[in-house]
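A.B. asks: I'd like to ask some things about the structure below.
The values are calculated or read from the model by the stated rules, or taken from the named source; none is laboratory data. Every value quoted in this text rests on a predicted model; they were computed, and no experiment measured them. We place every Cβ from the backbone using ideal geometry, glycine too, and count neighbours over all the protein chains shown. Accessible surface areas use protein heavy atoms only, side chains included; no ligands, DNA or RNA. Shrake-Rupley method; radii C 1.70, N 1.55, O 1.52, S 1.80 Å.
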Amino acid sequence: MKQSIILWFSLICILFSRSVFAQAPFPAFLQGTWKVADKERYEHWDRMSDGELKGVSYSIKNGQKIVSEYLKIKKLGDKVIYTALVIGQNNGKEIDFELTFKDSTYSFINEHHDFPNRIRYKQLAGDRIHISVEGKSGKAHAFYVHKIKTDSLSENPNYDRDLATKLGADDYGMKSYIFVLLKTGQNKTTDKQLIGESFKGHMENIGRLVKNGQLIVAGPFGKNDSGFRGLFILNKVATIEQAKEILQTDPAIKNGLLEPLYYSWYGSAALSEYLPFSEKIWKKEH
């Protein structure tokens, strides 16, 4: 009987432990502006919903705000994902880190990334946080930040809330897109009928995607040594996987005449507002 009680108690402890680690708390306390001790470096977070934060890292030099990194933390099912887009690194790609929580430390981990592969936020008393950024090689740096009140982030007097909502803009007037570079594909066919029909379908598909609101920028490059043929900026497309599925409707891509390269891109949410004017300035169809 005693052994049964011990076994039952152990089972309860294991299940409780699993449930605690499976339900890491969402770090809503990050909302606000945080300043690095003794430096003009900042991290600002906005709470978009109960399960999403969007942030930006920046420095102030000569009175100018210089953004170095765009961040977000989002609940996805039973996981919490921290996403970083560092300007000038990783070919413009976002890097994801998954949250684990222990002893008041929020650890965001990506074992496949070299540096960083761990980003830790430890909440301290007095509106302070200890942040450490660690790599596989042992390289690491750590610093303290404290929460500040600032008037520099006051609302724009020209802010149009209805327009921002319609365009899906965040508090910075920005949103995420999928940027697609089109290269010459692997299909080197000389079949003029296939080529002609494929590129006719390519143009028709562009028109269809524009009409659906999924394509807001498209155009060809001039002759270049990199084999780049054109570019797309896709709108209202959440992931690169979804973008790949959508562009399989393009015959030139499907037939291998064009090869798409996909990137996450963060730009002005007002980008699509030029489209109504584009219909008024062309004289001849392509």
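A.B. asks: I want to check the label-to-label distance for residue 188 and residue 226. Put each point 7 Å from Cα in the C-beta direction and report it in nm to one decimal.
C.D. replies: Distance between the two pseudo-spin positions: 2.3 nm.
A.B. asks: Continuing with this model, one more query. Tell me the label-point distance for the pair residue 239, residue 130, using the 7 Å Cα-to-Cβ offset, in nm and rounded to one decimal.
C.D. replies: 3.6
A.B. asks: May I pose another question? How many percent of the alpha carbon pairs in the stretch 166-234 exceed a separation of 18 Å?
C.D. replies: Values: 1235 of 2346 pairs.
It works out to 53 percent of all Cα pairs.
A.B. asks: Still on this structure, please answer the following. Just want the answer: with Cβ charges of +1 for Lys and Arg and -1 for Asp and Glu, which residue in 81, 249, 173 is farthest toward the dipole's positive end in the chain?
C.D. replies: The one lying farthest along the dipole's positive direction is 81.
A.B. asks: Among 222-232, 169-179, how do they line up by average Cβ neighbours within 10 Å per residue, starting with the highest? Don't skip to the answer; put the middle values down first.
C.D. replies: Numbers: 222-232: 12.5, 169-179: 18.8.
Sorting 222-232, 169-179 by mean packing, highest first, produces 169-179, 222-232.
A.B. asks: Could you pull out every one of the aspartates and glutamates with an alpha carbon less than 14 Å from that of residue 74, ignoring same-chain neighbours closer than 8 positions?
C.D. replies: Candidates past the 8-residue exclusion: 46, 50, 52, 94, 96, 98.
A.B. asks: Here's another thing I want to ask about it. Using just the Cα positions, wrap the stretch 64-147 in a convex hull and report its mean projected area in square nanometres, one decimal place.
C.D. replies: Working: hull surface 27.6 nm².
If I average the Cα hull's projected area over directions, I get 6.9 nm².
A.B. asks: How big is the charge dipole of the chain about its Cα centre, in debye rounded to the nearest 20, if each Lys and Arg gets +1 on its Cβ and each Asp and Glu gets -1 on its Cβ? Before the final figure, lay out the partial values.
C.D. replies: On the way: 40 positive and 33 negative charges, 55 e Å.
Dipole about the Cα centre, nearest 20: 260 debye.
A.B. asks: Sticking with this structure for a sec: Sticking with the crude label model, points 7 Å out along Cα→Cβ, report the distance from residue 31 to residue 197 in nm, one decimal please.
C.D. replies: Spacing of the two 7 Å Cα→Cβ label points: 5.7 nm.
A.B. asks: Right, something else. Lys and Arg at +1, Asp and Glu at -1: add these up for the other residues within a Cβ distance under 12 Å of residue 247 and post the number.
C.D. replies: On the way: positive: 208, 244, 254; negative: 241, 245, 250, 259.
Every neighbour counted, the sum reads -1.
A.B. asks: Averaged across orientations, what area in nm² does the convex hull of the alpha carbons in the stretch 220-267 project?
C.D. replies: Values: hull surface 16.0 nm².
Average projection, Cα convex hull of the stretch 220-267: 4.0 nm².
A.B. asks: Could you list, in their original order, any pairs among 54/147; 244/280; 211/284; 79/102 whose Cα atoms are separated by more than 22 Å? Don't skip to the answer; put the middle values down first.
C.D. replies: Working: 54/147 16 Å; 244/280 31 Å; 211/284 19 Å; 79/102 15 Å.
Violating the 22 Å Cα-Cα cut-off are 244/280.
A.B. asks: By Kyte-Doolittle mean hydropathy of at least 0.0 and Cα axial length of at least 18 Å, which whole DSSP H helices of the chain are selected? Please list the in-between numbers first.
C.D. replies: On the way: long enough: 2-22 (30 Å, 1.44); 192-211 (29 Å, -0.49).
Sorted by number, the helices that extend far enough and score high enough are 2-22.
A.B. asks: Given a 1.4 Å probe and every protein chain left where it sits, what share in percent of the accessible area of the stretch 26-72 is carbon and sulfur? The partial results should precede the final answer.
C.D. replies: Values: 990 of 2320 Å².
Looking at the stretch 26-72 in its full context, I get 43 percent from C and S.
A.B. asks: A further question on this structure: Based on the Cα gyration tensor of the stretch 111-206, what are the three equivalent ellipsoid semi-axes, each the root of five times an eigenvalue, rounded to whole Å and given largest first? Could the numbers behind the result be given before it?
C.D. replies: Working: eigenvalues 436, 163, 13 Å².
After scaling each eigenvalue by five and taking roots: 47, 29, 8 Å.
A.B. asks: Reported to two decimal places, what Rg/Rh ratio describes the stretch 178-285 when computed on Cα atoms with Rh from the Kirkwood expression? Walk me through the numbers before you get to the answer.
C.D. replies: Values: Rg = 14.2 Å, Rh = 14.7 Å.
Checking Rg against Rh, the ratio lands at 0.96.
A.B. asks: Mind pulling up the Rg/Rh value for the chain? Radius of gyration and Kirkwood radius, both on Cα.
C.D. replies: Details: Rg = 24.1 Å, Rh = 22.5 Å.
Taking Rh as the inverse mean 1/r over Cα pairs, Rg/Rh reads 1.07.
A.B. asks: Right, another one. With +1 on each Lys and Arg Cβ and -1 on each Asp and Glu Cβ, how big is the dipole of the stretch 222-286 about its Cα centre, in debye rounded to the nearest 20? Spell out each step's value before the answer.
C.D. replies: On the way: 8 positive and 8 negative charges, 48 e Å.
Here the stretch 222-286 has a charge dipole of around 220 debye.
A.B. asks: Here's another thing I want to ask about it. Looking at 100, 126, 234, which one has the Cα that reaches farthest to the positive end of the dipole of the chain (charges on Cβ: Lys, Arg +1; Asp, Glu -1)?
C.D. replies: 100
A.B. asks: Using the heavy atoms of the protein chains alone and a 1.4 angstrom probe, what is the accessible area of the chain per residue in square angstrom?
C.D. replies: Values: 18470 Å² over 286 residues.
For the chain, the solvent-accessible area averages 65 Å² per residue.
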